[in-house]
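Some notes on the structure that comes next.
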Amino acid sequence: MGSEILFFFEVVVGGLLAGTMYSLVALGFVLIYKASATFNFAQGAMVFFAVLSFVGFMELGLPFFIAFLVTIGLMVLVGLSTERLVLRPLMNQSEDTLLMATIGLGYVLEGLAQAAWGVEVRRLDLGIPDFPIMLIADTIGIFISALDLTAGAVAAFMVISLAVLFTQTKIGLGLRAVADDPGAASSIGIPLKHIMLLVWSAAGVVALVAGCLWGARAGVQFALVDLALKALPVLIIGGFSSIPGAIVGGLIIGSTEKVLEVYIGPFFGGAIEGWAPYVLAVFFLLKRPEGLFGEKIIRRV
Amino acid sequence: MTDSNNTENILEIKNIEVVYDDVILAVSDVSLNVPKGNIVALLGGNGAGKSTTLKSVSTMLASERGKVTKGTITYDGKRVENLNPSDMVNLGLVQVLEGRRCFGHLTVEENIISGAYTRKLSKSEIRNELDRMYAYFPRLKERRKSQAGFTSGGEQQMIAVARAMMAKPKMLLLDEPSMGLAPQLVEEIFNIVKELNDKEGVSILLAEQNTNIALRNADYGYIIETGQVMLDGSAKSLLNDDKVKEFYLGISSEGRKNFRDVLKETKKSKDQQI
């Protein structure tokens, strides 16, 4: 095989695996969108809050696993207070109101995280090196980072568990019912507040996992909040309400941005991976506004 | 009404007043009773207060910023004021909302199963309940794998009723099941409702604009207008009542006429008076 083709594969595979990290962030958005039809602007802050707390707990001397569990508990607590203090009082208000509330919630979480743990950039060592795995490099000739590979595996695991939760369990059915019509769902006795609590807690756990992987690569810092915005083109391409969409969207964004960066980037003076995904998203908005996997709005006339 | 009768009523509404957003008076004085195992019809035009009355019973009112400001509602011996919709379903009272409100993106079968959410059933028990519902609604069995959003209006009404029945209710509140449906479909749905009442023993409070079909299937009827009960009586007596015939069924002593004719005549007589 020619080294040109090998190099192309390396770029694509690297992009796909990096894309799974976008997918992970996007998953958190999808969860909340599915249950309350709102784009949760606080998701980026939740990623930051979660991973900063995780690192903070480890600095306090907690072992890795205990710190992880404590952070999960903390994220459930965040979900609980969000439901009680933000969602419940705003129930029956328009979706726009909720959207604004999530922006506010985002700032509160950012502030809380920095007030509690400080503002300096931390290093997070997951024990997984962000270097090519030599075994793969030697046998196939492609350089793949161990961290990318781990991210891919973790993303796959999260997606499969969430898909099972949504389609195979009673809670999942309730969740989809609430997403479809909260009024009708409550008329048949589905308790909205339990569903909301569950969704926000799940989104918190997803945020923690995504934060750990991003933090290990880019350092645990405030920029993680903005990184989460990369999930926006992912969602536009995949569809806001679709878990498979989040994954496929992430993969598309990850691979195209890397390929474009490597092959076309030089003509633009580089650094096009920052904006290329948004161009792709605009294209999708024009051609297929509901995204690849998004639910078409059903309306009988 | 005597005390001995009270124990046989599954639902008693006494002089309720309902206000939305603290200012809009939707129901000013409604009292009604539903005896156990009966079908009671709540009749009246648009905006008369039918839906509001039903929602105050199912406690769905709170989610629309409405409030019962006067009077009492007693369901199965319990006051409902401090309960929420999920409590009501657990107590065996389920409302089928106006406009059917199926979960459009879920399949027909998932919609029906979702109705059993509050019950702790095993997979095989759910299967049994589902088959029991399909026996009442054979049409739904054929369409079980379709997305509910793509089924017809009549099928959606059936889904909504079947979904509510999956909670094994003692009492159903039906809000305008005939809305926007072809006459033979309305007939079909009312037949099933009657059958559910007979075989499952479920008591039914039914809000309808279609006075004729509602009274033909009900035991008792209340006619409300601008938030007050104007007239009540057994379904038979209401069907034969001259005023009901003229205003709600469009039949007068001079033969059939429609609502517009009635209006014209009242206008004419007013004009003559002037």
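The values are calculated or read from the model by the stated rules, or taken from the named source; none is laboratory data. Keep in mind that what you see is a predicted model, and the values were worked out from it rather than measured. Reconstructed Cβ throughout: ideal geometry from the backbone, glycine too, with neighbour counts over all protein chains shown.
Residues are listed down the side, and each one gets a yes or a no for (1) over 19 Å from B:LEU206 (Cα atoms); (2) part of a strand (DSSP E or B); (3) touching a residue at least 24 places away in the same chain (Cβ under 8 Å); (4) assigned by TED's automatic domain parsing to the domain that holds B:HIS105:
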residue	(1), (2), (3), (4)
B:LEU140	yes, no, yes, yes
B:ARG144	yes, no, yes, yes
B:ALA162	no, no, yes, yes
B:LEU173	no, yes, yes, yes
B:SER178	no, no, yes, yes
B:LEU185	no, no, yes, yes
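Note on the stretch B:65-81: among residues that are away from chain A (no Cβ under 14 Å) and among the small types (Gly, Ala, Ser), the one that is nearest to B:GLU8 (Cα to Cα) is B:GLY77.
For the stretch B:20-126, give me every one of the helices (runs of 4 or more DSSP H) that falls completely inside it and has 3 or more residues that are more than 17 Å from the chain's Cα centre (by Cα) and crowded, with 18+ Cβ neighbours inside 10 Å.
Details: elements: B:50-58, B:85-90, B:108-114.
Passing ranges, in order: B:108-114.
Examine the stretch A:134-144 for a residue that is among the β-branched types (Val, Ile, Thr) and in contact with an Asp or Glu (Cβ under 8 Å, 6 or more places away or on another chain), and state whether such a residue exists.
Of the stretch A:134-144, the ones among the β-branched types (Val, Ile, Thr) are A:136, A:139-140, A:142, A:144.
Filter again for in contact with an Asp or Glu (Cβ under 8 Å, 6 or more places away or on another chain), leaving A:142, A:144.
Within the stretch A:134-144 (the criterion being among the β-branched types (Val, Ile, Thr) and in contact with an Asp or Glu (Cβ under 8 Å, 6 or more places away or on another chain)), the answer is yes, since at least one residue qualifies.
Listed residues B:VAL34, B:VAL94, B:VAL40; which is within 22 Å of A:ALA179 (Cα to Cα) and at pLDDT 95 or above? Let's see the steps before the verdict.
Working: B:VAL34 fails: within 22 Å of A:ALA179 (Cα to Cα); B:VAL40 fails: within 22 Å of A:ALA179 (Cα to Cα).
Of the residues listed, the single one that is within 22 Å of A:ALA179 (Cα to Cα) and at pLDDT 95 or above is B:VAL94.
Every condition in (1) more than 19 Å from B:PHE103 (Cβ to Cβ); (2) basic (Lys, Arg); (3) within 12 Å of chain A (Cβ to nearest Cβ) is met by B:LYS199 except one, and the failing one is (3).
Tell me the residue from A:ILE32, A:ILE103 that is surrounded by fewer than 17 Cβ atoms within 10 Å (Cβ to Cβ) and part of a helix (DSSP H, G or I), please.
Numbers: A:ILE32 fails: surrounded by fewer than 17 Cβ atoms within 10 Å (Cβ to Cβ).
Of the residues listed, the single one that is surrounded by fewer than 17 Cβ atoms within 10 Å (Cβ to Cβ) and part of a helix (DSSP H, G or I) is A:ILE103.
Step by step: first the residues of the stretch A:173-219, then only those that are charged (D, E, K, R) and not in a loop (DSSP other than H, G, I, E, B), then the one that is farthest from the other protein chains (Cβ to nearest Cβ). Which residue is that? Let's see the steps before the verdict.
If we filter the stretch A:173-219 for residues that are charged (D, E, K, R), which is where we start, we get A:176, A:180-181, A:193, A:217.
Filter again for not in a loop (DSSP other than H, G, I, E, B), leaving A:176, A:180, A:193, A:217.
Values: A:ARG176: 6, A:ASP180: 4, A:LYS193: 9, A:ARG217: 36 Å.
Going through the qualifying residues, I end up with A:ARG217.
Checking each residue in the stretch B:93-121 for being at the interface with another protein chain (Cβ under 9 Å from one of its Cβ atoms) and touching a residue at least 60 places away in the same chain (Cβ under 8 Å) picks out B:VAL94, B:GLN95, B:VAL96, B:LEU97, B:ARG100, B:CYS102.
Would you say B:SER28 is assigned by TED's automatic domain parsing to the domain that holds B:LEU205, in contact (Cβ under 8 Å) with a residue 60 or more places away in the chain and of a type outside the set (Phe, Trp, Tyr)? Don't jump to the end; show me each part of the working.
Values: assigned by TED's automatic domain parsing to the domain that holds B:LEU205: yes; in contact (Cβ under 8 Å) with a residue 60 or more places away in the chain: yes; of a type outside the set (Phe, Trp, Tyr): yes.
Yes.
Taking the conditions (1) buried (at least 16 other Cβ atoms within 10 Å of the Cβ); (2) more than 30 Å from A:ALA276 (Cβ to Cβ); (3) in contact with an Asp or Glu (Cβ under 8 Å, 6 or more places away or on another chain) in turn, A:ASN92 satisfies each one other than (1). Which numbered condition trips up B:ALA135, out of (1) hydrophobic (A, V, I, L, M, F, W, C); (2) exposed (fewer than 15 other Cβ atoms within 10 Å of the Cβ); (3) within 14 Å of another protein chain (Cβ to nearest Cβ)? Condition (3) is where B:ALA135 drops out. You will find that of B:ASN46, B:ASN128, B:ASN84, the residue that is within 9 Å of chain A (Cβ to nearest Cβ) and not charged (D, E, K, R) is B:ASN84 and no other.
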